[in-house]
Structure formats: structure tokens, C-alpha cells
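Before any comments, here is the structure.
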Amino acid sequence: MSEWNHIPEVPIRVSPLWQWPPKPGATFRWYFDSWFFLTVNMAICGLAFLSYAWFSPSLESAATPGLWIAGIWLRNAIIVATLAGTLHLWFHKYSGQGTDLKYDPRPFPRQGRMFTLNSQLLDNMIWTIGSGVTIWSALEALLWWSMANGYAAVITFDTNAIWFVAIFFLIPVWESFYFYWMHRFLHTNAMYRFHALHHRNTDIGPWSGLSMHPVEHAFYFGSVLIHFAIASHPVHIIFHLMFYGLLAITTHTGFEGVLFRNKKRLHLGNFHHQIHHRYFECNYGNLDVPWDILFGSWHDGTEDGKTAMKERLRNRKR
């Protein structure tokens, strides 16, 4: 069996924003394609507004803890179960796309004693819903309560339209910085015992993305605490946490994207992160900021990249 079933165009490239000489056209296209029009980012943004309008408390009711907290958990659990469940059924249960654009040739899910109840799928579902959705929802409730009681500053579109819109585009930038350093921290000797639960999944499916230890979930979703430092709106909190939670699901399908009439219509998982799940000690960040290149943990998807990674790991053990 070959190492990969599908390899996209390599070497993997990071955002052209960091290339020299400057490439403004390519940079604009990179970020435009990340948001418009049929993209995961835009879908999450729309879902955040829908959730705020129909399935969230008011700031007035959030001033006092109550059943609205359970409502937030239920809303998030339904969204996660619907998204991860649908993607799992399409890609893995019924093989709606076969192995087209599937990175790892191994079938998903697996059985084994390393998994809760000896089942990779059940293991992933238990940790995703039981720990992931719970900690995600607890942090969202904390921000709702804090905004309602004046501990976190609140803006609206009417009071600051430019900043209101800008925050949506800045959250992924913050994610690029936060995720890399949080991820590197989880790979230290002191923290890897928690992160190891996520890395049971060397071959991945939609339920694998949020299958983490509660300690890792606290660090992962803790990114949202930046809203104590910047004035925001509750819909920004919902979007921020959904961006972390739902993007983890879509990027862990094990497939590059959704095919329709033999053409990729929706981008999902990056080969860059799939390599991380195979080798662990590389590609800790994402492609928006070249942290991995700057700090020597880069694997560009080529055989030369694999050789360089092995040499780096050998030197580290000496």
C-alpha cells in the first residue's frame, strides 16, 4: 500500500502575503477564495448570524445564569452532530465519493484498544460531544455573561460598523498565531500526554477533529478569551468558537474536498495538516502564516520535505 492515496499539488505553499517580491494580486485571490463565495468560512459566518438571531439568549437574559446555558450547549451539540455526522456518512459510511481526493489509503474508522470502547468512531464522538461541545459552550456562556454584566466591552454594527465587520476577518489571523504556539506547547513533554488522545487518529474522519482531552479543549477554545481585551459583539463570540469548532470537523474529513461532476466544488482538508497526523512532529500551524517554515517544522508534502523532516528529527535526538 502506498503512503498516500491522493497527493494534491506539491510543494505545499503558504499564503503569498509572505512572499517576496510582493504579489498583491495573488494575495487578494488567496484571501478572496478563503471567504467568497462557496466556502466553509462564509458558511460558518452565516451560521453564526442564524444562531445569534434564533438560537441564542439576549444580553438581558444572559446577565443571570439559567437555562439559556443549556440552550447554548444543545444548539452547539446539534450543529456539531449534524455536520460531523453528515460528513461521516457521505465520505466514510456510504463512500459517496469513493476514495477520490482521499489522502490516507487506510479505511476509516478503525477498531482497537487504544480507543474508548475499542471503536475509533465511538471514541471520537464521545470526546467531541462530551468534552468538546461542553467546554466550547461553557466559554461561550462565560462571554455572554461577561458582556451582559459589563466585564467585556460590547459594540454593535451601528456604533462601529468598520470594526464590527473587520473582526470577522481578523479572527482567522488571530487563529493562525494562536493555534501554532498553542499546538507547539501541546507537543512538549509536559503536555503531550493530553494531546496524545487526539493523535490516536493517524487516519482521520470528521469526528476526529474535536476528539481531544478536556485539557486540550480548554487550550484550543481558550482562543476566544481575547474578546475580554477587544470590544466585540455576541455574534463575534459565536463565530469565533464555531470557526474553531466546525473548521476542525471540516478539515479532518480525510478528503481534500467535495466533488460534484468530477470537479472540486468545496475545499475541506489541507494536506499540510494531514501530514501532521501521519508524522506528528511537523506542520503545527496552518498556511496563512509561515510559522512552520520560520521555526524549522515545515514539511512541504514532497519526498525532499520528508527527508528533511527525518534528518531534523535525527539531529534532535543526538
What ranking of L241, L47, L170 comes out by heavy-atom accessible area, probe 1.4 Å, highest first?
-> L170, L47, L241
Length-normalised contact order of the range 1-74 in % [C-alpha pairs under 8 Å, at least 6 apart] = 14
If we count every other residue with Cβ under 15 angstrom of S223's Cβ, Lys/Arg +1 and Asp/Glu -1, where does the sum land?
-> -3
Helix 40-54 sits off the longest principal axis of the Cα atoms of the chain, rounded to the nearest 10 on a 0 to 90 degree scale, by 20
Stretched fully, the stretch from L74 through L38 gains (0.36 nm per residue minus C-alpha distance, one decimal, in nm) 10.3 nm
For F243, F185, what's the largest-to-smallest order of accessible area, 1.4 Å probe?
-> F185, F243
When the charge dipole of the chain is computed with +1 on Lys and Arg Cβ and -1 on Asp and Glu Cβ about the Cα centre, the Cα farthest towards its positive end, among V165, H236, F36, belongs to F36
Scoring the chain by relative contact order with C-alpha pairs under 8 Å, at least six apart, yields a percentage of 24
Share of carbon and sulfur in the accessible heavy-atom surface of the chain [1.4 Å probe, %] | 66
Between the alpha-carbon centers of the range 248-318 and the range 101-133, tell me the distance in whole angstrom.
-> 20
If each K or R counts +1 and each D or E counts -1, the residues other than Y192 whose Cβ falls under 15 Å of its Cβ total +2
Summing +1 for each Lys or Arg and -1 for each Asp or Glu, what net charge is found among the other residues whose Cβ lies under 15 Å from the Cβ of Q120?
-> +2
How far, in degrees from 0 to 90, does helix 24-35 lean away from the longest principal axis of the Cα atoms of the chain, to the nearest 10?
-> 70
Quick one: how many Å² of I126 are accessible to a 1.4 Å probe, rounded to 10?
-> 80
If you average the sequence gap of Cα pairs under 8 Å that are 6 or more apart and divide by the length of the range 123-277, what percent do you get for the contact order?
-> 31
Could you point to the residue in V215, S131, P109 farthest towards the positive end of the range 102-219's charge dipole, with +1 and -1 charges on the Cβ of Lys/Arg and Asp/Glu respectively?
-> P109
Candidates W145, W174, W18, ranked by Gaussian network fluctuation over the chain, Cα under 10 Å, top entry | W18
Mind ranking K23, K317 by accessible surface for me, highest first, 1.4 Å probe?
-> K317, K23
Rounded accessible area per residue of the range 52-118, 1.4 Å, Å² | 60
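The values are calculated or read from the model by the stated rules, or taken from the named source; none is laboratory data. The shown structure was predicted, so the numbers you read here are calculated from the model rather than taken from an experiment. Quick reminder, even Gly has a Cβ in these numbers, built from the backbone with ideal geometry, and neighbours come from all protein chains shown. Just the protein is used for accessible areas: all its heavy atoms, side chains included, with ligands, DNA and RNA removed. Shrake-Rupley method; radii C 1.70, N 1.55, O 1.52, S 1.80 Å.
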